[in-house]
1. Return the residues of the range 186-206 that are touching a strand residue (DSSP E or B) at 6+ places or on another chain (Cβ under 8 Å) and assigned to a helix (DSSP H, G or I); say none if nothing qualifies.
2. Which residues, counting only those in the range 125-161, are open to solvent by less than 50 Å² (accessible area, probe 1.4 Å) and modelled with pLDDT under 95?
3. For the range 20-33, which residues satisfy the criterion of being without any contact (Cβ under 8 Å) to a residue 60 or more places away in the chain and part of a helix (DSSP H, G or I)?
4. Could you tell me how many of the residues in the range 46-63 are surrounded by fewer than 16 Cβ atoms within 10 Å (Cβ to Cβ) and either within 29 Å of residue 369 (Cβ to Cβ) or modelled with pLDDT under 95 (or both)?
5. Among the residues of the range 299-354, how many are open to solvent by 60 Å² or more (accessible area, probe 1.4 Å) and among the charged types (D, E, K, R)?
6. Applying the selection to the range 204-228, what residues are of a type in the set (S, T, N, Q), open to solvent by 70 Å² or more (accessible area, probe 1.4 Å) and modelled with pLDDT of 95 or more?
7. Collect the residues in the range 271-291 that are farther than 30 Å from residue 172 by Cβ, open to solvent by 50 Å² or more (accessible area, probe 1.4 Å) and in contact (Cβ under 8 Å) with a residue 40 or more places away in the chain, keeping them in residue-number order.
8. Go through the range 59-83 residue by residue and tally those that are closer than 26 Å to residue 6 by Cβ and either over 17 Å from the mean Cα position of the chain (by Cα) or of a type outside the set (Asp, Glu) (or both).
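The values are calculated or read from the model by the stated rules, or taken from the named source; none is laboratory data. For clarity, every value in this text was computed on a predicted model and none was experimentally measured. Neighbour counts run over all protein chains shown; Cβ positions are idealised from the backbone, glycine included. Please note that ligands, DNA and RNA were not included when accessible areas were found on the heavy atoms of the full protein model with its side chains. Shrake-Rupley method; radii C 1.70, N 1.55, O 1.52, S 1.80 Å.
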Amino acid sequence: MNVKDIILNKLPEIKSLRKTLHENAELAHKEFKTQKIIMETLESLNIKYNSCAGTGVVGVLNNDEISIGVRADIDALPIDGVFHGCGHDYHTAIALGTAMVLKEMGFEKCVKFLFQPAEELDGGAYPMIQEGALKNPEVKYMIGFHVWPNLQVGKIEAPEGPTMASVDDFSVTFKGVGGHAAMPHLCKNPVYPAIDFIQTMNNKTKMEISPLNPHVLTFSSINANNTASNVIPEKIEVLGTLRTFDTTLVDKIKKDLYDTCALSAKKYDCECELSFAVAYPPLINDKKLCDKFYKIAVNTLGEENVLTAERTFGAEDFAFFSQEVPSVHFRVGISDDTQGLHPLHSPMFDANDDAIFYAIHTIVNFILEISDEI
């Protein structure tokens, strides 16, 4: 049988596996049932595996010194309890389905499957790298993917340069002296430096950064833990996120955040503390590898079904893998007239299961072609 026929033969089993993963959705760092399902599937294929980064799994098909890496994230979201509202059940099933197809074909080159935890929280890619997931055997190329709403099933979006933004989530705490709102002269109100900080940063980015260099600086929360109108709080916390495609711009804006919060605090005789909670680099695909991927995808799906990916300020910790080895990360269409129309992270998120076939078909053909280089 050819590749297409093998995938079609395995497809009912892979779709059933996706359903099982969906019914056992788990939050970041708690993917114990998911990990077990992955390990049992790999064991049934006689593929060696080991745990990594706590609840992650690394499976290795065939022994060699060099491998091709396939990554799938495995965690769910805290939506209506726990729900796979970002399609990671599809990602996991696609990666396991790819392993099934390659095994059935008798593929002899080395492929490493990285099932990564905690993409939705603090990120599992970097811990996997730190634990040696890209070594022994060494990963020469990486491929990743994401199901994509409102992209027709049967189509993919191929990457071109930076496709997803960096993310730097931050919090700033302004501390003053609390007291009675009727006696503000006896207090040092931290609300004012917080407001000054936000307004100054919004103006500063507009004045100092070229509009041709896209970025998003969003202040998403001001919290004083205070519901009384006659109480001046002792401290106030400002939360926000910074997204760009340019690491140099990240450095500039982060410095501005530090400098501005200090100046705003000093202006109102308060103290301040700024910290960054989560930091991902931008996801930048390797141009040479992406050019090859595009040609292979066109040969596999047809030119009309391989579209150019538009950049998004959403983030993806696959970016850590792409920093380490030449990588390609593409988007998989999941929509039809009734499914795949709701955004990622929506409680209404769903997908057309036939997307699994097109994703595996694309990945397997890419691996077959690129394996000549390892």
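1. 186, 191, 193, 194, 197, 198, 201, 202, 205
2. 158, 159, 161
3. 20, 23, 32, 33
4. Looking only at that region, the number is 4.
5. 7
6. Answer for the range 204-228, where residues must be of a type in the set (S, T, N, Q), open to solvent by 70 Å² or more (accessible area, probe 1.4 Å) and modelled with pLDDT of 95 or more: just 220.
7. 286, 287 - these are the residues of the range 271-291 that are farther than 30 Å from residue 172 by Cβ, open to solvent by 50 Å² or more (accessible area, probe 1.4 Å) and in contact (Cβ under 8 Å) with a residue 40 or more places away in the chain.
8. The number of residues fulfilling the criteria is 14.
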